[in-house]
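Visitor: I'd like to ask some things about the structure below.
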Amino acid sequence: MKNINEWHHIFKLDPAKEISDEHLDQICESGTDAIIVGGTDNVTLDGVLDLLSRIRRNHMVPVVLEVSEEETLTPGFDYYFVPMVLNSKEKKYMMDIQHKAIKEFIDMMEFAEVYFEGYCILNEDAKAFQYTNCVMPDLDDVKAYAYMAEKVFHLPFFYVEYSGTYGDPTLVKEVKEELQNTQLLYGGGIETSTQAKEMKKYADTIIVGNSIYTNIKEALKTVEAVKGN
Ligand SMILES: CC(C)=CCC/C(C)=C/CC/C(C)=C/CC/C(C)=C/CC/C(C)=C/CC/C(C)=C/CC/C(C)=C/COP(=O)(O)OP(=O)(O)O
Ligand SMILES: O=P(O)(O)OC[C@@H](O)CO
Ligand SMILES: [Mg+2]
C-alpha cells in the first residue's frame, strides 16, 4: 500500500447518495489511490456500513472514513480522517466536537490510524460551509490558516474545500507555497481531466466527489489525468 503522502487522487463517496454496483466497481478499480467515505448531511451508520462492506467485498483499494457524525464511527476502515474547520465562526466545529469524541474514543484511537484535517471551506453555497457557520476568508486569511495548520497545529493535512464548485487555481498555488510539511488536499467541482490536471499542479492530492454521481465517465478520467504529475 502506498504511503498517504504519495496519494495523488482520491474519490469521495457520499453515504447519503445511491451508487450502483457497476459504478462502485469502476470507482474502486479506477487506479485511484484511496476512497473516502464521507459527507455533510444525512450520513448514517447504515449508509457508512453499506458502502464499506460493498467496497471491501471485492476490492483492495484503501478506504477512509471521514468522520462528520460521532454515531457513524465504526471499526473496519484503513484510516479515519477528522475535519477541524478552521474558518468556522464557532469553536465547536474546530475543536469542541473533536475534544468530546477524543475523550470518548481515546483508547480506540491508539489502535486506529487517525489523521486530523485543517479544513478551509471556500464555497459559501456548500452545505458544509453553512452547516459549520463559516466566514468567507480572503487569500491572506487562507494563507494564515495554512500557516496555522502547519506551524501551529502541526496537522498532517490542510484541505482547501470548494465542495460543489470549481475553485481558484491561483489561490491553491499560493497556499501551496506556504506549506513545507503539511499535505495540501484540494476538493471541489472537479469534473474533467483538464481541471484535475490544473489543480494537481499545485495541490498534493485532489479529491473528486460529486461528479461520480453526475458524470461517472468523466470522473473516472480524472485518475489517469493526474498520474505521474
Ligand atoms: C470506533 C472507532 C473505530 C474509533 C477509532 C478512533 C477514531 C477514528 C476516533 C475519532 C475521534 C474523533 C476526534 C471524532 C470526531 C468526530 C466528529 C463528529 C467530528 C466533526 C467534524 C466536523 C466539524 C464535520 C462538519 C462537516 C464537514 C466539514 C464535513 C466534511 C466532509 C465534506 C465537506 C463533505 C462535502 O459535503 P457533501 O455532503 O458531499 O456536500 P454535497 O452533498 O453538497 O456534495
Ligand atoms: O464533491 P466535489 O465538489 O467534487 O468536492 C469533493 C470534496 O472536496 C467534497 O468534500
Ligand atoms: Mg458531495
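Visitor: Whole-Hz ³J(HN,Hα) for each residue in region 125-140, computed from phi via Karplus 6.51 cos²θ - 1.76 cosθ + 1.60 with θ = phi - 60°, x for glycine and proline: what do you get?
Guide: The phi angles translate into 8, 5, 4, 5, 4, 6, 4, 9, 6, 7, 10, 7, x, 8, 4, 5 Hz.
Visitor: Whole-Hz Karplus ³J(HN,Hα) for region 12-17, in order, using 6.51 cos²θ - 1.76 cosθ + 1.60 and θ = phi - 60°, x for Gly and Pro?
Guide: Taking θ as phi minus 60°, the curve returns 10, 9, 9, x, 7, 10 Hz for region 12-17.
Visitor: Say the dipole of the chain comes from +1 at the beta carbon of Lys and Arg and -1 at that of Asp and Glu; which of Phe158, Asn123, Ser88 then lies farthest toward its positive end?
Guide: Phe158
Visitor: What's the extension gain from Lys217 to Glu71 if we count 0.36 nm per residue and subtract their Cα-Cα distance?
Guide: Working it through step by step, the gained length comes to 49.2 nm.
Visitor: Roughly speaking, to the nearest percent, how much of the chain's 1.4 Å accessible area is carbon and sulfur?
Guide: 50 percent
Visitor: Moving to a separate point now. At a threshold of 8 angstrom on Cα-Cα distance, excluding pairs fewer than six apart, so keeping six or more, what relative contact order does region 1-126 reach in percent?
Guide: 20 percent
Visitor: Hand me the trypsin sites (Lys or Arg not before Pro) from region 180-229 located in a DSSP loop with no more than 15 other Cβ atoms within 10 Å, in residue order please.
Guide: Lys201, Lys227
Visitor: Tell me, how many Å apart are the Cα centres for region 167-199 and for region 80-150?
Guide: Region 167-199 and region 80-150 have Cα centres spaced 18 Å from each other.
Visitor: Roughly speaking, what is the centre-to-centre gap between region 20-52 and region 200-228 when only Cα atoms are used, to the nearest Å?
Guide: The distance from the Cα centre of region 20-52 to that of region 200-228 comes to 15 Å.
Visitor: While we're here: For a bin width of 5 Å, list the pair-distance distribution of the chain built from all Cα-Cα distances, rounded to whole %.
Guide: All Cα pairs considered, the percentages come to 1, 7, 15, 20, 21, 19, 11, 5, 1, 0.
Visitor: Follow-up question, since we're still on this one. Under Stokes-Einstein, with the Kirkwood radius over Cα pairs standing in for Rh, what whole-number D in µm²/s applies to region 119-229 at 20 °C and 1.002 mPa s?
Guide: Approximately 151 µm²/s, per Stokes-Einstein.
Visitor: Something else: Skip the ligands, DNA and RNA, and give the accessible area per residue of the chain with a 1.4 Å probe, whole Å².
Guide: Accessible area per residue, the chain: 48 Å².
Visitor: Also, I was wondering about something else. What length, rounded to one decimal in nm, is gained on full extension from Val135 through to Lys197, with 0.36 nm per residue of separation minus their alpha-carbon distance?
Guide: Extra length from Val135 to Lys197 when fully extended: 19.4 nm.
The values are calculated or read from the model by the stated rules, or taken from the named source; none is laboratory data. The shown structure was predicted, so the numbers you read here are calculated from the model rather than taken from an experiment. Counting neighbours? That spans all protein chains shown, and the Cβs are built from the backbone with ideal geometry, glycine included. Just the protein is used for accessible areas: all its heavy atoms, side chains included, with ligands, DNA and RNA removed. Shrake-Rupley method; radii C 1.70, N 1.55, O 1.52, S 1.80 Å.
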